[in-house]
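Undergrad: One structure, as structure tokens, below. Some questions next.
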Amino acid sequence: MRAWRRIRVFGAVVGVVGLSGLIGAGCSMFQNEQSAKGKKLYAHYCMHCHGETGKQNEGFNWSSMTDPKPKDLSNKSEMGTFKDEDIFATISRDMKDTSPNGDKIGDDEFAVPTMPTFKYTLSEEEIWGIVGYVRSLHGKKLEFNVEGRKKELQEAKQSAEQKYTEAERVEQEAEKKASDEADKKGVEVDDNAYAKEVQAMGQAKKELDQATAALANFTTRPGKGLNIARPDLSMKPDAAAKMTEIGKQLYVTKYGCNGCHKIGEEGGKVGPALDRAGYRLNPTWVYRWLRNPQAMKPDTRMPALGLNDADAKAVALYLKTLRAPKPDKPLGKVGEE
Ligand code: HEC
Ligand code: HEC
């Protein structure tokens, strides 16, 4: 088994004076609002596994999961060793393939497949709200300054806008000068004469785009307005067979789908059993659902796990092979053919 659980290498945890004592009424009002939101999001996305107060075996899905079981978030001596940023990074990471031929995973990296990521489901601001709520479960307070971070990103965007406007002005001036000179001499405009300004403008535009994206990631859910195109699933039978095998592996080793879905006797019960997915669901629908469930059903509890095109195809093809006999009870209805 690979070392895909985080090996903790923290030194002494540096004590930081709690911000709560230092901030004014406006800020703590903001904090209250923030933690109320965090509590609601936790109830929607985390409670089935971690329980209402974070304790082991409290969430209805806890006992159905394989080891490692969802972490006890109320355990202060363990959770207290994490910085706010560590908890944020766990909730907002990229999933890694933990199989022996999978991704490279650092010793200090958290990569348990059955702990989903929420990076592709929630805004960073929402994730910070959840981190704040998780802190309260083990009697600590969020020290990270969320409002400060947002201001910083807003200011960075404003400043990038100003720089871009200025670079544009300088470029236009240089271009006009080159053009006037060419007119005077009666020759073609020399593009090289203002190439430096064009380049600087391009660079300023790139920085503005980055600052805009950083602020958007902070304030907006990633799936908002996303439209997933229909996939081309046509391929030769041997390629399809290979993809299906890959999908079967990724289902467990990278995306931990088994943490929430049952196949046969194995797996969690947050989502419907997938034993009969091959009969009930068509691969095109499954592909689009896996790429981004929120694009199809904004409030679904299933997080978007960041499946790229190839992974979504592979897992969709694998689900197509699941054709167990009919059970006694009817199953769920999402996306039924
Ligand atoms: C499908 C079940 C499941 C869901 C849903 C889930 N978790 Fe987890 N969580 C786990 C498992 C499994 C672990 C790994 C425990 C371990 O490594 O011992 C874990 C670990 C953690 C850890 C500890 C990470 C570390 O570095 O050791 C934190 C913090 C956490 N989860 C927070 C959350 C939050 C917040 C949410 C909701 C946004 C959430 N989890 C949703 C199953 C889940
Ligand atoms: C945190 C739990 C969770 C994880 C992880 C998860 N799912 Fe889901 N899944 C759900 C829930 C809940 C639903 C029901 C969605 C709804 O109706 O909003 C669902 C629905 C589905 C459906 C539609 C099922 C039907 O019968 O209509 C499919 C297919 C599916 N998931 C596949 C997967 C696959 C494949 C993965 C891994 C890549 C995965 N899920 C990971 C919770 C999860």
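The values are calculated or read from the model by the stated rules, or taken from the named source; none is laboratory data. Bear in mind that the values here come from a model prediction, so they are computed numbers and not experimental data. When we count neighbours, we look across all protein chains shown, and the Cβ atoms used for this are built from the backbone with ideal geometry, even at glycine. What goes into the accessible areas is simple: the full protein's heavy atoms, side chains included, and nothing from ligands, DNA or RNA. Shrake-Rupley method; radii C 1.70, N 1.55, O 1.52, S 1.80 Å.
Undergrad: Is the shape of region 276-324 best called rounded, prolate or oblate, per the rule: a/c under 1.5 gives rounded, else a/b larger than b/c gives prolate, else oblate, with a ≥ b ≥ c the square roots of the Cα gyration tensor eigenvalues?
TA: The shape class here is oblate.
Undergrad: Now a separate question. Under 16 Å between alpha carbons, and skipping anything fewer than 8 positions from Lys104 in its own chain: which lysines qualify?
TA: Lys96, Lys254
Undergrad: Given springs between every Cα pair under 10 Å in a Gaussian network model of the chain, which of Val315, Val187, Val134 has the largest fluctuation?
TA: Comparing Val315, Val187, Val134 in a Gaussian network model of the chain, the most mobile one is Val187.
Undergrad: Relative contact order (percent) for the chain, with alpha-carbon contacts under 8 angstrom and 6 or more residues of separation?
TA: 20
Undergrad: Let me ask another. Only Cα pairs within less than 10 Å get springs; with that Gaussian network setup on the chain, which residue of Asp311, Asp103, Asp275 has the largest fluctuation?
TA: Of the options given, Asp103 has the highest mean-square fluctuation.
Undergrad: Heavy atoms only, probe 1.4 Å: what % of the accessible area of region 237-320 goes to carbon and sulfur, would you let me know? Each step should come with its number before you reach the end.
TA: On the way: 1940 of 3610 Å².
The value for region 237-320 is 54 percent carbon and sulfur by accessible area.
Undergrad: Follow-up. Can you list the HN-Hα couplings for region 172-179, worked out from phi with the Karplus curve (6.51, -1.76, 1.60; θ = phi - 60°), rounded to whole Hz and with x for Gly and Pro?
TA: 5, 5, 5, 5, 5, 4, 4, 5
Undergrad: Using amide H atoms built 1.01 Å from N in the peptide plane, name the residues 5+ places from Gly102, or on other chains, whose amide H lies under 5 Å from its own.
TA: none
Undergrad: With label points built 7 Å along Cα→Cβ from the Cα atoms of Gln154 and Asn227, find their separation and express it in nm.
TA: 3.2
Undergrad: Please report how far the C-alpha centroid of region 41-66 lies from that of region 128-173, rounded to the nearest whole angstrom.
TA: Here the two parts' Cα centres lie 31 Å apart.
Undergrad: Right, something else. Through the Karplus equation 6.51 cos²θ - 1.76 cosθ + 1.60, θ set to phi - 60°, convert the phi angles of region 227-244 into ³J(HN,Hα) values in whole Hz; use x for Gly and Pro.
TA: After applying 6.51 cos²θ - 1.76 cosθ + 1.60, I find 10, 8, 5, 5, x, 9, 9, 6, 7, 5, x, 6, 5, 5, 5, 5, 4, 4 Hz.
Undergrad: For the chain, modelled as a Gaussian network with Cα springs under 10 Å, which listed residue fluctuates most, Gly223, Gly264, Gly256?
TA: Gly264
Undergrad: Now a separate question. Below 8 Å between Cα atoms, with a sequence gap of 6+, how large is the relative contact order for region 147-219 in percent?
TA: 46
Undergrad: Accessible area per residue of the chain at 1.4 Å probe, in Å²?
TA: Dividing the accessible area of the chain by its residue count gives 57 Å².
Undergrad: Once phi is turned into θ = phi - 60°, what whole-Hz ³J(HN,Hα) does the Karplus curve with 6.51, -1.76 and 1.60 give for every residue of region 205-222, x standing for Gly and Pro?
TA: For region 205-222, the Karplus curve yields 5, 4, 5, 5, 4, 5, 5, 5, 5, 4, 5, 4, 4, 6, 9, 10, 5, x Hz.
Undergrad: Same structure, new question: Using the Cα gyration tensor of region 31-157, with a ≥ b ≥ c the square roots of its eigenvalues, what is the shape: rounded (a/c below 1.5), prolate (a/b larger than b/c) or oblate (neither)? Walk me through the numbers on the way to the answer.
TA: Details: a/c = 1.81, a/b = 1.22, b/c = 1.48.
Cα axes put region 31-157 in the oblate bin.
Undergrad: Right, another one. Excluding residues fewer than 8 places away in the same chain, name every one of the lysines whose C-alpha is closer than 23 Å to that of Lys76.
TA: Excluding near neighbours in sequence, the set is Lys37, Lys39, Lys40, Lys55, Lys140, Lys141.
Undergrad: Do any GluC sites (Glu not before Pro) in region 26-128 lie in a DSSP loop with no more than 15 other beta carbon atoms within 10 Å, and if so, which? Please report the intermediate quantities before stating the final value.
TA: Numbers: sites: Glu33, Glu52, Glu58, Glu78, Glu85, Glu109, Glu124, Glu125, Glu126; in loops: Glu52, Glu58, Glu109.
Hits after loop and neighbour filter: Glu52.
Undergrad: Using a Cα-Cα cut-off of under 23 Å, which lysines could be cross-linked to Lys163, ignoring same-chain neighbours fewer than 8 residues away?
TA: Lys150, Lys151, Lys176, Lys177, Lys196, Lys205, Lys206
Undergrad: May I ask for the equivalent-ellipsoid semi-axes of the chain, computed as the square root of five times each C-alpha gyration tensor eigenvalue and listed largest first in whole Å?
TA: 43, 32, 18
Undergrad: Would you rank Asp180, Asp232, Asp67 by solvent-accessible area, highest first, keeping every protein chain in place and using a 1.4 Å probe?
TA: Result, largest first: Asp67, Asp232, Asp180.
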